[in-house]
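Heads up: the structure comes next, in structure tokens.
Derivation of every value follows stated rules applied to the coordinates shown; laboratory data play no part. Please read all numbers here as calculations on a predicted model, not as lab measurements. Cβ sites come from the backbone with ideal geometry, for glycine too, and all protein chains shown count toward neighbours.
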Amino acid sequence: MPRRDTAFLFDLDGTLIDSVYQHVLAWKEALDAEGLDISVWRIHRKIGMSGGLFANMLLRETSLPITEERLDRLRQRHADAFNRHHAQGSVRPLPGARELLAYLDAQTIPWAIATSGRMETARHNLEALGVDPAKVPVVTRDQVRHAKPDPDLFLAAAEQLGVDIHQSLVIGDSVWDMLAAQRARALGVGFLSGGYGHAELQQAGAFRVYADPADLLQHVDEVAARD
């Protein structure tokens with residue numbers, strides 16, 4: 001039987017790592033290399049969903065053929081560009097991210113990470129957080145059939161923790177996280193650190209919205225009260 005503890009299931013980019021805008025620029029570079037002139041703001045509005053779905057949606061907007069070869073090329077160019085940003089030191093944990101995870105460990109509250117990124121880009125983020133995938137459940141796009149806004153990532157993370165998804169909190173920065181939380185029938189907690197507004201996150205299903213991990217840590221008793 002699954003444990004009925006309150007578990008925290010975290011998105012990664014924009015939730016624990018300050019990396020959303022680096023992803024936007026990396027996708028812009030990849031799209032430019034394909035000759036696709038798409039405005040940066042349009043790219044940002046789709047960050048947080050699975051990379052494949054993201055690329056499909058953008059390609060449909062340009063009316064260009066969607067081929068597996070083009071999708072693979074876009075994904076690789078995006079990964080290469082994002083990893084260059086990481087190497088330059090511009091991608092760092094968000095304020096309070098390490099402290100929040102340390103608090104959960106100290107309180108023996110189970111937590112996991114579920115990201116729509118693939119391990120080729122997530123690896124550097126996990127290292128920056130000091131998270132060892134051998135010790136903490138980490139679910140990436142490589143491991144599930146569908147990524148956000150489908151619930152597969154969070155369902156898999158709850159399963160790896162051995163907890164009840166209906167007792168879990170999905171913590172994310174995008175409307176795609178909140179939609180996935182609803183589809184998993186988990187409670188969604190939104191962060192403003194990915195660029196989505198308070199009202200947008202609430203309308204997508206967030207029952208609480210905080211600025212970033214540091215803000216949630218200051219108000220953690222609102223979502224994970226313990227005696």
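Key figures for this structure:
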item: Under-5 Å amide H pairs with V209, H placed in peptide plane, nonlocal only; result: G190
item: Amide H partners (placed H, <5 Å) of R92, local residues excluded; result: D18
item: Residue-averaged 222 nm ellipticity for the chain, from DSSP H runs of 4+ at -39500 (n - 2.57), nearest 500; result: -13500 deg cm²/dmol
item: From phi via Karplus (6.51, -1.76, 1.60), per-residue ³J(HN,Hα) for the stretch 32-37 in Hz, x at Gly/Pro; result: 4, 5, 8, x, 9, 8
item: Net charge over other residues, Cβ less than 13 angstrom from the Cβ of D142 (K, R count +1; D, E count -1); result: +3
item: Candidates Q76, Q22, Q182: whichever shows maximal mean-square fluctuation once the chain is modelled as a Gaussian network with Cα springs under 10 Å; result: Q76
item: Rounded tilt (10° steps) of 175-184 against the dominant C-alpha axis of the chain; result: 50
item: Residues whose placed amide H lies under 5 Å from that of S168, excluding near-sequence neighbours; result: A7, L187
item: Three-way shape label, the stretch 57-180, alpha-carbon gyration tensor, a/c 1.5; result: oblate
item: Cα-based helix-to-principal-axis angle, 97-106 vs the chain, degrees rounded to 10; result: 30
item: Cα centroid separation - the stretch 149-227 against the stretch 1-50, whole Å; result: 15
item: Total formal charge among the other residues, if their Cβ is under 15 angstrom from that of H85, Lys/Arg +1 and Asp/Glu -1; result: -1
item: Rounded to whole Hz, the Karplus (6.51, -1.76, 1.60) HN-Hα couplings of the stretch 108-120, x for glycine and proline; result: 6, 8, x, 8, 8, 10, 9, 10, 7, x, 8, 4, 4
item: Gyration tensor (alpha-carbon) shape descriptor, the stretch 20-87, a/c threshold 1.5; result: prolate
